[in-house]
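Novice: I am attaching a structure below and will ask some questions about it afterwards.
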């Protein structure tokens, strides 16, 4: 085994030998949460189980090199690594894998990826010294949701679950400042999840602070309220761009047409969301000092990393056999803005539906969450700012590499709140999360075949913002509002802490002391 790989795997081997009881249970729980949908008979059989983009990944797994020779563009090649791996595994057993064998292989891969996510979650909780109760709270958010309990079984031929594990793994190697680990995960993400390269770029160019002092400096407000001035231009520009789409009648890339009669309300909600969220992320004086940035950008390592990342960024295009690409950066940004205004606040409704009610805690704790992001370095804060903009995308599955990191900081920010909870609070929240995951709902094997805005297709598409019908948007918005009230009334109101800069600093200092 190469020395570098042995060095990377050494912490994992050591951790496996020293797992505590609750960590073993968390990993086992992650495995069970993945096996339940894998064994479920409620699966899509549209196009032999290869609907939409998933068909490309399925056919690549059947005959990777033949399909590649026919033509695969850079976007799909950037998500082809799982198919390439499964192609070689399947061909160890059969020369011509069937549709059923490919579906089973992708299902097993999803189970493995979700289980690995549970293991990496234990690594992260150890590194940040998250309490046992916090680890279980994070488990609820990570594994008791629609993504894991339902979507992983209904449509397994996707790379989402590999990106889920890799996003959290990249955050872990960022915390550990593991250069070789960062390179390895970056290379895998480049051919697994196209937007992953942006995550890797920011976290590698601006690594985690090496000293606790860097990570726990008291938060100072920017001079002249610069954070508002920086957050205002993208919010205004986004709002103007959104308004230009209200009169459009074209269903761009089959992602829907904005509901015109409430279009201005949709634009207002998205614009305010963008402004408030970004201004809190940028609310730290250190971001406005040249010294903060110069220690990175004036080093030769920074420019060397930039060259390596540029090569990795270009690699899928160089290996692609088809010049077409429906998902260029411009198309992606256009889609994100468009999908944010299909209905008022649909992006946030869709995120709660898809990822679970734990996201509601971010509404009440966004400022301390942002302060915690800031204490963990420029790279993480810059990446979160980028992902916050992309969170306007109501197709929530596009955020799977970011969601586990957000959950980590929701857990940390609510620590003071949860110290007053009793055991039943955790059990009740877990049951609520399972119920809202719709694991009990029979979607139907052929439901995506008809009009996505009509039943029975809505059983599947109501969990995906761009195809959520107006009726299901109204119903699910009402459900989300009820959930907000329930969570505030039962889990927050009587236990509300009064976080301040000193509390955040002390908490961050405790977490980062293990990083040195």
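Novice: With a ≥ b ≥ c the root eigenvalues of the C-alpha gyration tensor of the stretch 19-515, is it rounded (a/c under 1.5), prolate (a/b larger than b/c) or oblate? All intermediate terms of the calculation are to be shown ahead of the outcome.
Specialist: Numbers: a/c = 1.29, a/b = 1.22, b/c = 1.06.
Since a/c stays below 1.5, the shape of the stretch 19-515 is classed as rounded.
Novice: With labels modelled as points extended 7 Å from the Cα through the Cβ direction, what inter-label distance (nm, one decimal) is found for residue 244 paired with residue 322?
Specialist: If labels sit at residue 244 and residue 322, their model points lie 2.9 nm apart.
Novice: Shifting gears a bit: For residue 272 and residue 478, calculate 0.36 nm times their separation in residues minus their Cα-Cα distance, and state this gained length in nm to one decimal.
Specialist: Using 0.36 nm per residue and subtracting the Cα-Cα distance, I get 72.1 nm.
Novice: What is the extension gain from residue 471 to residue 300, computed as 0.36 nm multiplied by their sequence separation minus the C-alpha to C-alpha distance, in nm to one decimal?
Specialist: Value of the extension gain: 56.0 nm.
Novice: What relative contact order, as a whole-number percentage, does the chain give when Cα pairs under 8 Å and 6 or more residues apart are counted? Let's see the in-between values first.
Specialist: Details: 711 pairs, mean separation 117.0, N = 516.
Over the chain, the number comes to 23 percent.
Novice: I would also like to ask the following. Take the alpha carbon gyration tensor of the stretch 259-377, find the square roots of its eigenvalues, order them as a ≥ b ≥ c, and report rounded if a/c is under 1.5; if not, report prolate when a/b exceeds b/c, else oblate.
Specialist: In terms of gyration-tensor shape, oblate.
Novice: Let me ask you something else. Extending each Cα 7 Å along its Cβ direction at residue 290 and residue 18, get the distance between those two points in nm, one decimal.
Specialist: 4.5 nm
Novice: Would you calculate a helix-derived [θ] at 222 nm for the chain, using -39,500 (n - 2.57) for each DSSP H run of n ≥ 4 and dividing by the full residue count, to the nearest 500?
Specialist: Rounded to the nearest 500, it is -19500 deg cm²/dmol.
Novice: May I pose another question? Would you mind classifying the stretch 319-359 by shape? Square roots of the alpha carbon gyration tensor eigenvalues, ordered a ≥ b ≥ c; an a/c under 1.5 is rounded, otherwise it is prolate if a/b is larger than b/c and oblate if not.
Specialist: oblate
Novice: How big is the gap, in Å, between the Cα center of the stretch 281-359 and the Cα center of the stretch 466-486?
Specialist: Cα centroid of the stretch 281-359 versus Cα centroid of the stretch 466-486: 28 Å apart.
Novice: What is the list of residues in the stretch 88-103 whose amide nitrogen lies under 12 Å from a point 7 angstrom out from the Cα of residue 63, following Cα to Cβ?
Specialist: 96-97
Novice: Testing the spin-label approximation: label points 7 Å from Cα along Cα→Cβ at residue 453 and residue 311. State their distance in nm.
Specialist: Placing both labels 7 Å along Cα→Cβ, they lie 4.9 nm apart.
Novice: Would you mind pulling out the separation of the Cα centroids of the stretch 76-143 and the stretch 387-447, in Å?
Specialist: If we compute the Cα centre of each part, the gap is 18 Å.
Taken together, the values in this text are just the output of simple stated rules run on the coordinates, not laboratory data. Note that the structure is predicted; figures quoted are calculated from it, not measured. Glycine gets a Cβ as well: all are built from the backbone with ideal geometry, and neighbour counts include every protein chain shown.
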